Amino acid sequence: MVRQSPKSAPFMYQNNTIQDARNCEKDVFNALKHNTLAIGYLGIAEMCQALFGKNHVHDADVHAFALSVVKRINKYAAEASERNNLNFSCYATPAEGLCRTALIGLRNQYGIIENVTSHEYLTNSHHVPVWEKVSIQQKLECEAPFCKYPTGGCITYVELDSTFVKNTKAVEDIIDYAFKVLDIPYLAFNFPIDSCLDCGYQGEFNDKCPQCGSENIQQLRRVTGYLTTDYRNFNDGKQREVLDREQHSKYTPQINQGSNES
Ligand SMILES: [Zn+2]
């Protein structure tokens, strides 16, 4: 990467867009030395499953082990920064492409192992797998301790049903709990928005509009932090991940009660 010529992407090295960009002649090292060099990790859940037969949401000892792995990556990044005088970081990544390519590699090596290589993707960073039927609290409490260590970035999601937009009190409660109690730095709510492109109906539906029957629909889902026009534009691995997602609001009794009242 640092041996790349600045001519391969000239717009990045013109107009002083990056510190020292004007000092890049043969290669881009002088500019990229200011950047973050992220060491990303994914599939912590699958790693635990392979080693212990269960993932980190189900067992405190497994959780402690998973956390120790991420702490080690964080420490390695700090050591590498010191050693090389560069900005290495630990990064909790959704691995848009690698979630699928790494899975294929593992399958070729080890075959299909239940909940390790049996899904069509590897799980985002240290996240609780999308297929786990856990409550909002369980999801947040499991992931919160990890958030200190990926200095290159992380996100915590909860999956909600589409009725949630009417239950602002419940949304506030989740935000307060995540930020004030668990110290989660970056929280996001996912909920499905399906739109009929013919009559304009919005809600959550599958193949066709419940109002006019049209199949000319758009299905908006937050897949990896980006709001795409339609999740079916993502690769096979991420599309399957969306279909496997459990809604944590379903397994959170107080919240269900709240949404019925509103
Ligand atoms: Zn319609």
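The values are calculated or read from the model by the stated rules, or taken from the named source; none is laboratory data. This structure is a prediction, so every number in the text was calculated from the model and none was measured. Every residue, glycine among them, receives a Cβ derived from its backbone with ideal geometry; neighbour counts consider all protein chains shown. Side chains included, ligands, DNA and RNA excluded: accessible areas come from the protein's heavy atoms. Shrake-Rupley method; radii C 1.70, N 1.55, O 1.52, S 1.80 Å.
Kindly indicate which of 221, 232 is surrounded by 14 or more Cβ atoms within 10 Å (Cβ to Cβ), away from the ligand (no atom under 15 Å from the Cβ) and not hydroxyl-bearing (Ser, Thr, Tyr).
Just a single option satisfies the conditions, and that option is 221.
Based on this model, can you work out whether residue 34 counts as of a type outside the set (Val, Ile, Thr) and either open to solvent by 40 Å² or more (accessible area, probe 1.4 Å) or in a strand (DSSP E or B) (or both)?
Criteria met by residue 34.
Somewhere in segment 141-163, is a residue in contact (Cβ under 8 Å) with a residue 24 or more places away in the chain, of a type in the set (Val, Ile, Thr) and open to solvent by less than 10 Å² (accessible area, probe 1.4 Å)?
For segment 141-163, residues in contact (Cβ under 8 Å) with a residue 24 or more places away in the chain, of a type in the set (Val, Ile, Thr) and open to solvent by less than 10 Å² (accessible area, probe 1.4 Å): present.
What residue, of 120, 114, 96, 46, is buried (at least 22 other Cβ atoms within 10 Å of the Cβ) and of a type in the set (D, E, K, R)?
Being buried (at least 22 other Cβ atoms within 10 Å of the Cβ) and of a type in the set (D, E, K, R) holds for just one of 120, 114, 96, 46, which is 46.
Check residue 86 against each of (1) out of contact with any helix residue (DSSP H, G or I) (no Cβ under 6 Å at 6 or more places or on another chain); (2) at pLDDT 95 or above; (3) of a type in the set (A, V, I, L, M, F, W, C) and name the one condition it does not meet.
Of everything listed in (1) out of contact with any helix residue (DSSP H, G or I) (no Cβ under 6 Å at 6 or more places or on another chain); (2) at pLDDT 95 or above; (3) of a type in the set (A, V, I, L, M, F, W, C), residue 86 misses just condition (2).
Applying the selection to segment 208-218, what residues are within 21 Å of residue 163 (Cβ to Cβ) and open to solvent by 40 Å² or more (accessible area, probe 1.4 Å)?
208, 210, 211, 218
Find all pairs meeting these conditions: Cβ atoms under 7 angstrom apart; at least six residues apart or on different chains; first residue within segment 209-226 and over 26 Å from residue 187 (Cβ atoms); second residue open to solvent by 70 Å² or more (accessible area, probe 1.4 Å) and at pLDDT below 90.
From residues that are over 26 Å from residue 187 (Cβ atoms), the pairs are 215/207.
What tally of residues in segment 8-44 results from selecting those that are in contact with a Gly (Cβ under 8 Å, 6 or more places away or on another chain) and of a type in the set (Ser, Thr, Tyr)?
1
Got a number for residues in segment 170-211 being within 16 Å of the ligand (Cβ to nearest atom) and assigned to a strand (DSSP E or B)?
6
Whether any residue in segment 52-74 is part of a helix (DSSP H, G or I), open to solvent by 60 Å² or more (accessible area, probe 1.4 Å) and in contact with a strand residue (DSSP E or B) (Cβ under 8 Å, 6 or more places away or on another chain) is what I want to check.
no
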